[in-house]
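A quick write-up on the structure given underneath.
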Amino acid sequence: MDLLSSREIARDVAAGRRSAKESIRSGLEYIAKLNPAVNAFTDVLSERALASAERIDRRRADGEALGPLAGVPFAVKNLIDVAGRPTRAGSKINNDRARAERDAALVQRLEAADAVLVGALNMGEYAYDFTGENSHYGPSRNPHDTTRMSGGSSGGSAAAVAAGMVPLALGSDTNGSIRVPAAFCGVFGLKPTFGRLSRAGSFPFVGSLDHLGPFARTVSDLAAAYDAMQGVDVEDPAAANRPIEKTEDALPLGAPGLRMALATGYFASGADPDAINAAALVSKSLGITKTIDIPEAARARAAAQIITAAEGGALHLERLRSRAADFDPIVRDRLLAGIAIPAAWVELAHRFRRWYRDQLVALFNTVDIVIAPTAPCRAPKIGQTTLAVNGQTAPLRPIIGRFTQPISFAGLPVAAVPVWIDDGLPLGVQIIAGPWREDLALRVAFHLEQTGVARAPVARIK
């Protein structure tokens with residue numbers, strides 16, 4: 001397969017230098033070759049994809065203008081509805097649900113731009129996961145080292161993009177489930193502002209915190225997918241009043257002129273030194289001299305954990321009563337613990353969240369961009385359960401979201417960029433902007449990509 005970007009594929013298809021069917025057939029062959037090693041895909045939709053590609057080719061032959069993602073293969077985390085398929089959400093239980101009657105809103109919007117859906121992707125069960133390990137379908141593996149985690153819960157999405165199986169993928173992010181896999185697998189990811197992209201047609205985890213967003217190997221591809229998916233959707237109340245705000249044309253403006261700061265305090269501790277150094281490297285490359293302390297980040301993370309556990313447990317209460325044995329035991333026990341959280345704690349966490357969000361909105365009146373590490377470590381080994389930090393051993397799963405949870409708790413937009421500080425595995429850095437300013441986060445990510453500080457090379461699977 002020619003490992004082209006989305007923009008290159010779409011230009012070639014629109015100009016007739018290749019057919020959409022050639023692009024999709026090549027992609028499907030590459031998936032068949034690599035997926036046994038990576039385990040990113042749970043469903044490959046060959047028949048649907050080839051039929052879609054044929055329709056695009058017929059339209060071009062008839063002289064119709066094609067969309068900006070013509071012939072570009074993409075895949076979606078398997079909590080996103082695909083017509084005619086049960087929406088697994090990484091679970092065994094959901095296989096018994098009725099098949100989806102229609103595609104999710106974001107699938108429809110990408111296909112309206114003439115992208116082609118080729119499959120659904122592995123994930124942590126019910127999105128309650130930071131590792132990419134799934135007890136039902138096996139772990140999605142990191143293409144840079146298949147003995148290591150892809151990250152979760154959108155691990156299959158990041159792994160598929162990192163391996164070159166698709167140039168675009170969709171994931172979800174409640175507490176870090178786009179940003180952590182992007183960091184571990186070395187790709188770009190975008191967690192938009194809460195409410196920016198419709199979640200209609202996706203299986204929820206925590207309705208008050210869930211986001212959907214894209215992965216890509218280039219920032220231009222990330223922006224093109226994001227632009228294609230924007231728009232009001234009354235079926236998702238959080239996205240009922242957001243107009244389309246195109247970002248791709250703003251990318252060449254880059255980072256100059258923006259007010260930027262490096263997050264310190266909470267975001268400069270509790271991690272492997274390399275994770276902190278990656279954020280410092282990005283900050284230095286941008287000429288940042290200002291530091292900033294995000295207020296009450298530790299408390300925000302704790303409140304996010306309370307809301308996550310309580311809402312998640314309530315959502316799955318009936319399944320826990322009737323089919324407890326069919327859950328991943330780790331996920332089941334976390335959901336059961338959530339059910340036991342007192343309602344007063346949950347209310348207090350929501351009240352704190354409103355206060356915290358106001359503090360961060362005020363902070364972004366004084367700065368445009370904040371730089372912070374994404375994950376506290378590089379991708380751990382599959383099956384690893386602890387992490388050594390500052391000479392102390394901590395449980396791995398909770399600590400992975402240390403730097404991502406305080407940001408999604410406030411619903412802020414983040415471009416996750418991959419950084420390589422040596423010949424080892426990638427590290428991740430968050431480019432955080434104020435509410436509804438995805439354009440600024442993407443501009444900085446594009447600048448870092450153009451200067452070589454951030455990059456997403458295709459993994460060479462051994």
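The values are calculated or read from the model by the stated rules, or taken from the named source; none is laboratory data. Everything quoted here is computed from the prediction, not taken from an experiment. We place every Cβ from the backbone using ideal geometry, glycine too, and count neighbours over all the protein chains shown.
One table, with the values for the structure above:
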read-out: Options ALA162, ALA112, ALA105, ALA169: the member that is in contact with a His (Cβ under 9 Å, 6 or more places away or on another chain) and aliphatic (A, V, I, L, M); value: ALA162
read-out: Options ALA275, ALA268: the member that is surrounded by 20 or more Cβ atoms within 10 Å (Cβ to Cβ), within 21 Å of THR393 (Cα to Cα) and small (Gly, Ala, Ser); value: ALA275
read-out: Pair list, Cβ < 8 Å and 6+ apart or interchain, from region 51-66 residues that are over 19 Å from SER6 (Cα atoms) to residues that are modelled with pLDDT of 95 or more and polar (S, T, N, Q); value: none
read-out: Selection from region 380-423 of residues that are touching a residue at least 60 places away in the same chain (Cβ under 8 Å), in a loop (DSSP other than H, G, I, E, B) and of a type in the set (Gly, Ala, Ser); value: GLY383, GLY401, ALA410, GLY411
read-out: Checking LEU262 against (1) among the aliphatic types (A, V, I, L, M); (2) surrounded by 16 or more Cβ atoms within 10 Å (Cβ to Cβ); (3) under 22 Å from the mean Cα position of the chain (by Cα), the condition it does not meet; value: (3)
read-out: Number of positions in region 150-191 that are touching a strand residue (DSSP E or B) at 6+ places or on another chain (Cβ under 6 Å) and either small (Gly, Ala, Ser) or more than 22 Å from PHE446 (Cα to Cα) (or both); value: 13
read-out: Matching residues, region 185-225, being surrounded by fewer than 24 Cβ atoms within 10 Å (Cβ to Cβ) and in a helix (DSSP H, G or I); value: SER220
read-out: When residues of region 29-47 are limited to those that are among the acidic types (Asp, Glu) and over 13 Å from GLY164 (Cβ atoms), the one nearest to the chain's Cα centre (by Cα); value: ASP43
read-out: Those residues of region 23-54 which are outside any helix (DSSP H, G or I) and either of a type in the set (A, V, I, L, M) or buried (at least 17 other Cβ atoms within 10 Å of the Cβ) (or both), in sequence order; value: ASN39, ALA40, PHE41, THR42, VAL44, LEU45
read-out: Residues being within 15 Å of ILE178 (Cα to Cα) and either assigned to a loop (DSSP other than H, G, I, E, B) or out of contact with any Cys (no Cβ under 7 Å at 6 or more places or on another chain) (or both) - total across region 134-157; value: 10
